[in-house]
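Just so it is clear, none of the values below were taken in a lab; they were calculated from the coordinates. The model shown is predicted, which means the values in this text are computed figures rather than measured ones. Positions of Cβ are backbone-derived with ideal geometry, glycine not excepted, and every protein chain shown enters the neighbour counts.
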Amino acid sequence: MARAALHFPEALTASIQLKEVEGLELIFDAVRKKWLVCTPEEWVRQHAVQYLVALGYSIHHLQIESGLKTGFNSKRSDIIANTNGKPEVLVECKAPEVALSQKTFNQAFNYNNTIGAPLIWLTNGLQNLYWDCRNNRQLEQLPAKV
């Protein structure tokens, strides 16, 4: 299956496990510890997980597709990176062919109204947008964990 080449370090891509079963390409989710169908969005999500780990976030403190309530609606966040039991980064992943737009930005902000993470990261694997909610400004990159 042809997968998009994403703008992440090659070492991250090399660390992602793939296999084919009965004609389906599967990708290993290291957080949930299970094999999933390798959709374009999942391809991006697993790169984002590896990127967070490379920055020093513990894989044991990442949540994937956790449920949340926004108003009267139930939604699922793509990734939440927690530190000391509190959300630190909300990550919204899109497939590479989905442009990051005001709509995706609004979606992430709406989710974060419930979560309360100080940092938001929007990614489609080709473009990355980082937002510091405490200081209401865009960042060039996510800060590494110390």
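Nearest 10 degrees, 0 to 90: what angle lies between the long axis of helix 102-115 and the longest principal axis of the chain (Cα atoms)?
Here the helix axis deviates by roughly 70 degrees.
Looking only at LYS86, LYS34, LYS94, which one moves most when the chain is put into a Gaussian network model with springs between Cα atoms under 10 Å?
Between LYS86, LYS34, LYS94, it is LYS34 that shows the largest mean-square fluctuation.
Treating the angle as unsigned and between 0 and 90°, give the value, to the nearest 10°, between the Cα long axis of helix 40-54 and the longest Cα principal axis of the chain.
Helix 40-54 sits roughly 70 degrees off the main axis of the chain.
Relative contact order, percent, of the range 10-139 when contacts are C-alpha pairs under 8 Å separated by at least 6 residues?
Details: 227 pairs, mean separation 22.1, N = 130.
Rounded, it is 17 percent for the range 10-139.
So which residue, out of ALA14, ALA81, ALA30, gets the largest mean-square fluctuation from a GNM of the chain using Cα contacts under 10 Å as springs?
ALA14
Given axes a ≥ b ≥ c from the Cα gyration tensor, I'd like to know whether the range 1-44 is rounded (a/c under 1.5), prolate (a/b larger than b/c) or oblate.
On the way: a/c = 1.86, a/b = 1.29, b/c = 1.45.
Oblate.
If we count other beta carbons within 10 Å of each Cβ, what is the order of ASP29, ASP132, ASP78, fewest first?
Working: ASP29 18, ASP132 14, ASP78 24.
By the 10 Å Cβ count, ascending: ASP132, ASP29, ASP78.
Are there any GluC sites (Glu not before Pro) in the range 17-46 that are in a DSSP loop and have at most 11 other Cβ atoms within 10 Å? List them by number. Intermediate results must be reported in sequence, preceding the final value.
Values: sites: GLU20, GLU22, GLU25, GLU41, GLU42; in loops: GLU22.
Passing sites in the range 17-46 are GLU22.
Determine the relative contact order of the range 13-58: mean sequence separation of Cα pairs under 8 Å and six or more apart, normalised by residue count, in whole percent. Spell out each step's value before the answer.
Working: 37 pairs, mean separation 12.8, N = 46.
Reported relative contact order: 28 percent.
If you take the alpha carbon radius of gyration of the chain and divide it by 2.2 N^0.38 Å, what ratio comes out, to two decimals? Mind dumping the intermediate values first?
Details: Rg = 14.8 Å, N = 146, 2.2 N^0.38 = 14.6 Å.
Expressed relative to 2.2 N^0.38 Å, the Cα Rg reads 1.01.
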